[in-house]
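All remarks here apply to the structure that follows.
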Amino acid sequence: MRRYLLLFCLVSPLVGKTQTLSDGKQQDLLGKGHFNVGVNVGQGYRGTYPTTTYVIPRVQYFIMDGWSIAAEARYLVSNIYPQTVDKPDYRLKGGGLSTRYYFLRGNRLAMFGHLGASYGQSTLRMRSDAPPGTGYTWQTEIGLGAHYRIAKRWSVEAMAGRSWSRNSNGGYYLTPPDDFNRWQVSVGINFRLK
């Protein structure tokens, strides 16, 4: 079912009739050959499990009008165990790539679909007095968002989606708990460089 949902999200913008722009200023932000820099701040949540907080700075390049690729850095922290109140139990520092397709592009507002993957070093601390265990973690994400142009070069965005994490070296004590496969929301700001 997830695969069909992902396929639907990726294909539906390509067959829609609302792909024409009514304002050239929106094209200035989402047009082919443009570079944007931005940062997103968000939180992930799953039921009664602890909340994760993350920051994602990125450099975004538009390979076609409305379609971009981006290089991203990722920093995520969370408290899992009540024994470690003085510092986060889980940290992830990494980087990766993402792609976005902007559809329903209007005067100032555009919607987008987001797909990304990152790889980085994760640190899991079981107790505050225990040494941290380190490993390497893949994180993938998919989401839908809204982009709003606030000035000629500035825009803000909000995104909601789902992320999945998996430890790549298979050690049980280094594996992130299942609660890091979670729903997440973020807000961000972007600036067009070129």
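Every read-out reported here was derived from the displayed coordinates using simple, explicitly stated rules and does not represent laboratory data. Here the structure is a predicted model, which means the values were calculated and not measured. Cβ atoms come from the backbone with ideal geometry, glycine included; neighbour counts cover every protein chain shown.
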May I ask you to derive the FRET efficiency for residue 189 and residue 104 from their Cβ-Cβ distance with R0 = 22 Å, giving the value to the nearest 0.05?
0.60
For residue 164 paired with residue 35, estimate the spin-label separation in nm (one decimal), with each label point 7 Å from Cα along the Cα-to-Cβ line.
3.4 nm
